[in-house]
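A.B. asks: One structure is given below, represented as structure tokens, and several questions about it will come after.
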Amino acid sequence: MTTPAEPRPDTRARSRESKEPIRRCILLGERAPREALVRLALSPDGAVFPDVRAKAPGRGAWIGVTKAELDVAIKKGKLKGALARAFKTGPIAIPDDLPQLIETALERAALDRLGLESRSGGLFSGAEKIETAARSGKLHLLLHACDAGADGNRKLDQAWRVGNDEEGSDRRGLVLPVPRTILAVALGRQNVVHIGLTDPDAARRVRETLDRWLHFIGPDPILPPCETASQGASASQNDGDDLNTDPADDSYEEFE
């Protein structure tokens, strides 16, 4: 289960003050910046596929619903009707596993972003380094693997609050729905339990990709168990080691 890193303004509210291109969800009719939505595109044979990086050529349609909401829209035929109005083309084929395809693509995009920031030097791991940055007020984003020990999380969360003069607040790191092994592969490092970002632009880029992914899977996603009881005990020990080391058509806004 994920937890918010800090209170954040609503993405759609922020869009009114942003210069980012605005699109409209074909299912909800709500407007939001492109980076907050998921683009759907059509293959040459009419099959719908997720285009989360918005790179596929041709006309696209945007959605801002959760995975559970998309499942319902598919079962009730609402997505097919919305896509037919959006694409105005021939027969459209919606894969049975479209929600899972989107989730996988969003996870991949988020992990790729972490990897890019790691290679550019905008991201670091290691609880001792993160704690130092947090207490000095330099930390802009704090992330925890889902199998990180609770004690290690609490210590870094508290250091972040102290560094921001927010003791007693609910500011805390974001617990990602992936374990340390996945984060280690994404960053090309070993034993990535906690991640910190001190560059505000890098933190913003990472947070945007994470927000979109976590919004889609929902606040209580059904995920495989992140750890067994024995793994949980090991995680706490390793954390200690780490411390030492149907809307109207609007073609301008909806499509691209």
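A.B. asks: Give the residue that is surrounded by the fewest Cβ atoms within 10 Å (Cβ to Cβ), with candidates limited to residues of the stretch 186-214 that are of a type outside the set (D, E, K, R) and out of contact with any helix residue (DSSP H, G or I) (no Cβ under 8 Å at 6 or more places or on another chain).
C.D. replies: Pro200
A.B. asks: Let me confirm something: among Ile22, Ile26, which residue is modelled with pLDDT of 90 or more, of a type outside the set (Lys, Arg) and more than 20 Å from Gly81 (Cβ to Cβ)?
C.D. replies: Going through Ile22, Ile26 in turn, just one is modelled with pLDDT of 90 or more, of a type outside the set (Lys, Arg) and more than 20 Å from Gly81 (Cβ to Cβ): Ile22.
A.B. asks: Under 7 Å between Cβ atoms, which residue pairs at least 6 apart in sequence (or on different chains) link something in the stretch 87-111 that is charged (D, E, K, R) with a partner that is at pLDDT 95 or above and surrounded by 17 or more Cβ atoms within 10 Å (Cβ to Cβ)?
C.D. replies: From the stretch 87-111, the pairs are Glu103/Lys67; Glu103/Phe216; Glu103/Ile217; Glu107/Trp213.
A.B. asks: Would a scan of the stretch 160-175 turn up a residue that is in contact with a His (Cβ under 6 Å, 6 or more places away or on another chain) and under 30 Å from Ile102 (Cβ atoms)?
C.D. replies: yes
A.B. asks: What are the pairs, 6+ residues apart or on separate chains, where a residue within the stretch 20-45 that is within 9 Å of Trp62 (Cβ to Cβ) has its Cβ under 8 Å from a residue that is modelled with pLDDT under 90 and part of a strand (DSSP E or B)?
C.D. replies: none
A.B. asks: Hey, which of the helices (runs of 4 or more DSSP H) in the stretch 60-150, taking only ones fully inside, have at least 1 residues that are on the phi < 0 side of the Ramachandran plot, touching a strand residue (DSSP E or B) at 6+ places or on another chain (Cβ under 9 Å) and not assigned by TED's automatic domain parsing to the domain that holds Arg207?
C.D. replies: 67-75, 78-87, 98-119
A.B. asks: Filter the stretch 20-59 for residues that are part of a loop (DSSP other than H, G, I, E, B) and under 19 Å from the mean Cα position of the chain (by Cα); which is surrounded by the most Cβ atoms within 10 Å (Cβ to Cβ)?
C.D. replies: Leu37
A.B. asks: If you go through the stretch 77-109, how many residues are β-branched (Val, Ile, Thr) and within 13 Å of Ala47 (Cα to Cα)?
C.D. replies: Here the count works out to 3.
The values are calculated or read from the model by the stated rules, or taken from the named source; none is laboratory data. As the structure is a prediction and not an experimental result, all values here were calculated from the model. Glycine gets a Cβ as well: all are built from the backbone with ideal geometry, and neighbour counts include every protein chain shown.
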